[in-house]
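Engineer: One structure follows; several queries about it will come next.
The values are calculated or read from the model by the stated rules, or taken from the named source; none is laboratory data. Nothing here was measured: the structure is a model prediction, and the numbers come from that model. Positions of Cβ are backbone-derived with ideal geometry, glycine not excepted, and every protein chain shown enters the neighbour counts.
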Amino acid sequence: MPDGAVWVRLLASIGALALGAAAVAIVAVLAHRTPGPAGATSAPVSAGAEPTTTTPQANEPSEPAFPAPPEGAVVFSRPAGDEVIALGVVPGNRLLLQASVLGGQGQGVEGLGVSFGLGGTTLKGAPCGPGCYRAKAPASKVPEAIELRVAGKKPVAWRVPLPKPWPPRDGSAIVARATKTFRRLKTLTTDDALSSGLGRTLHTRWTLAAPNRLTYQVRGGPAAVIIGNTRWDKVAPGEPWVKSAQTPIHQPTQFWVSWQNAHVIGSTPKAWRITFFDPKTPGWYEIGVAKDTRRTLDMRMQAAAHFMRQTYGNFNAPVQIAPPS
């Protein structure tokens, strides 16, 4: 079961999006199908809830009509307006290619013309469910990149370089260690950018402290302080703080809840880059993990009308989180 701390942070972000008439469409999309680990329920859960890896049945989606990647696929993702475009490539003598197109309200987008370019060869994607399109590559040398093209009202042309060496190493153990390290941090700051893909991006600075404290400030917008079972909210700069009750939360807490299809798609002397799919968000992730500390350095998440970029820092540094004066 997902951690209520993530639910609180997600609600704060969505609430911030409600400021201003320009954000009405964003809120409507987010409210219809709340993305993020707690999308299935708004009830707080135990601070002891632990994220886990998952082992799906072959090609089994995370929920009905959701274009989840096939088992064993190396996954890539990007936003396209308010839609998610994802590519899954299953290694083998003949590559299995799957494009996933997720609409802004969490539904697979059907009726699209999808093709995969492999050097001089172009393969047509055959429908494999709502928002799912597949092709099987001929037995040949692995291409340097896949050219994914999606025709329709929102055409996309996306060149996806394949990692070298191919196939990339499994990243599940690294994600598991990074997740435990994240949850065991004493303090942390997060800078994030959140968008629904409809034009507006919110920038927020978070300060998190174990076991149950946080503050956030949206650039030019609302702010909050949470300490144990109490919170203070300010709806806009210059407005008064309002005190209220708060169900205690666990911090620091990462956004993903589980992971599958984890692979190391890049490596430097200091860090790995890993992509994976979380069926409980549901959404696609890319994270950077420091090799020496296993700390997560940054994160990208693509979920239904919810595109987030986060950068982490000030690990275990002294912080002051106190009631506002």
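Engineer: Which residue is nearest to VAL114 (Cα to Cα), if the candidates are limited to region 145-176 and must be surrounded by fewer than 13 Cβ atoms within 10 Å (Cβ to Cβ) and in contact (Cβ under 8 Å) with a residue 12 or more places away in the chain?
Structural biologist: Residue satisfying both the conditions and the ranking: ALA151.
Engineer: Please go through region 190-223 and pick out each residue that is surrounded by 20 or more Cβ atoms within 10 Å (Cβ to Cβ) and either free of Cβ contacts under 8 Å to residues at least 24 places away in the same chain or assigned by TED's automatic domain parsing to the domain that holds ASP82 (or both).
Structural biologist: ALA223
Engineer: Restricting to region 289-325, give me the number of residues that are of a type in the set (Gly, Ala, Ser) and more than 30 Å from GLY108 (Cα to Cα).
Structural biologist: Residues in region 289-325 being of a type in the set (Gly, Ala, Ser) and more than 30 Å from GLY108 (Cα to Cα): 5 in total.
Engineer: Okay, moving on. Just one of ALA145, ALA126, ALA137 is within 23 Å of ILE265 (Cα to Cα) and either in contact with a Phe, Trp or Tyr (Cβ under 9 Å, 6 or more places away or on another chain) or of a type in the set (Ser, Thr, Tyr) (or both); which is it?
Structural biologist: Just a single option satisfies the conditions, and that option is ALA137.
Engineer: Being within 15 Å of ASP170 (Cα to Cα), surrounded by fewer than 21 Cβ atoms within 10 Å (Cβ to Cβ) and of a type in the set (S, T, N, Q) is the filter here; which residues of region 259-297 pass it?
Structural biologist: SER267
Engineer: Looking at region 186-205, which of its residues are under 26 Å from ALA303 (Cα atoms) and over 17 Å from the mean Cα position of the chain (by Cα)?
Structural biologist: Passing the criteria: LEU188, THR189, LEU198, GLY199, ARG200, ARG205.
Engineer: In addition: Need pairs with beta-carbon distance below 6 Å; first residue in the same structural domain as ALA176 (by TED's automatic domain parsing) and over 15 Å from ARG309 (Cα atoms) and within region 264-288, second β-branched (Val, Ile, Thr) and in a strand (DSSP E or B); sequence gap 6+ or separate chains.
Structural biologist: VAL264/ILE274; ILE265/THR275; TRP272/VAL264; TRP272/VAL289; PHE277/VAL75
Engineer: Then there is this: Tell me, please, whether a residue that is outside the structural domain of ILE287 (by TED's automatic domain parsing), under 20 Å from TRP284 (Cα atoms) and of a type in the set (Ser, Thr, Tyr) can be found in region 108-116.
Structural biologist: So far as region 108-116 goes, no, none of its residues is outside the structural domain of ILE287 (by TED's automatic domain parsing), under 20 Å from TRP284 (Cα atoms) and of a type in the set (Ser, Thr, Tyr).
Engineer: Just to check your reading of the model, which residue among VAL150, VAL142, VAL114, VAL160 is at pLDDT below 95, of a type in the set (A, V, I, L, M) and over 18 Å from the mean Cα position of the chain (by Cα)?
Structural biologist: VAL142
Engineer: Could you look through region 224-237, keep only residues that are of a type outside the set (A, V, I, L, M) and either in contact (Cβ under 8 Å) with a residue 24 or more places away in the chain or more than 23 Å from LEU185 (Cβ to Cβ) (or both), and pick out the one that is surrounded by the fewest Cβ atoms within 10 Å (Cβ to Cβ)?
Structural biologist: Once the filter is applied, the top-ranked residue is PRO237.
Engineer: Now a separate question. Of the residues LEU102, LEU95, which is buried (at least 22 other Cβ atoms within 10 Å of the Cβ), farther than 29 Å from LEU198 by Cα and not small (Gly, Ala, Ser)?
Structural biologist: LEU95
Engineer: For region 175-182, check the following and say yes or no: at least one residue is at pLDDT 95 or above, among the basic types (Lys, Arg) and within 15 Å of PHE76 (Cβ to Cβ).
Structural biologist: Taking every residue of region 175-182 in turn, none turns out to be at pLDDT 95 or above, among the basic types (Lys, Arg) and within 15 Å of PHE76 (Cβ to Cβ).
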